[in-house]
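Asks: Can you read through this structure? Questions will come right after.
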Amino acid sequence: MSEIIALSGSPSEHSRTDCVLRFLCDLVEREGLSITRISVRNFAPEDLVYARFDSPQIEALATSIREARGLMIAAPVYKASYPGVLKALLDLLPQDILKDTPTFPLMTGGSMAHLLTIEYALKPLLATMKAKNSQGVYLLDHQVDREKERNPILDPGALCRLKSELYRFIQEVQESKKINGWRDSK
């Protein structure tokens, strides 16, 4: 059982979104929390397209999320929203699976024109699943260098925002753990 699930909604294998999420996972692990990385690419396309709620992979994801203390979810902006493959995956999960779960939404996009995508697309979707959303972070593509695994964030201000929000999320996960115990006791 991992304390935090890191879910990538990027269908691209070498995306900026995945690069940033890997960086965040490394920071989380340095704080002593366990993390499981999951990607939409890990799921059989047939399960997603044909809405196979009873797929063993989907059921395993649901169990992992239920048992986790927090969720980091990252997605690129596609046509002013998150990728459809991410929506297809989330649609297969129980409606209240994120109830009282601290959730860190992250989006990457090509321009400032999509800045509010996180507010008007991703966070409302997570809220319908009962997530406790943090503010989240939106990064521009030019602020991320996929070749720099150790720290892919090029802009110091963006790095400061990202780390600040991440540590707030980590604190919320740790506080939730102290107050409520493990989720399976709920």
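Values quoted throughout were computed directly from the atomic coordinates according to the rules given, and no laboratory measurement underlies them. Since the model is a prediction, treat every value here as computed from it, not as a measurement.
Asks: Per DSSP H run of at least 4 residues, take -39500 (n - 2.57); add these up for the chain, divide by its residues and hand me the 222 nm value, nearest 500 deg cm²/dmol.
Replies: After summing the helix terms and dividing by the residues of the chain, the value is -12000 deg cm²/dmol.
Asks: When only C-alpha pairs under 8 Å and at least 6 residues apart count, what is the relative contact order of the chain, in percent?
Replies: Dividing the mean separation by the residue count of the chain yields 24 percent.
Asks: Looking at the chain as a GNM with Cα springs under 10 Å, which of D100, D155, D18 has the largest mean-square fluctuation?
Replies: Comparing D100, D155, D18 in the GNM, the peak value goes to D155.
Asks: Could you run the Debye sum over the Cα atoms of the chain, one equal point scatterer each and no solvent, and tell me log10 of I(q)/I(0) at q = 0.11, 0.17 Å⁻¹, two decimals?
Replies: -0.44, -1.10
Asks: How large is Rg over Rh for the range 76-118, taking Rg from the Cα atoms and Rh as the Kirkwood inverse mean of 1/r across Cα pairs?
Replies: 1.03
Asks: Over all alpha-carbon pairs in the range 1-83, figure out the percentage whose distance exceeds 20 Å.
Replies: 38 percent
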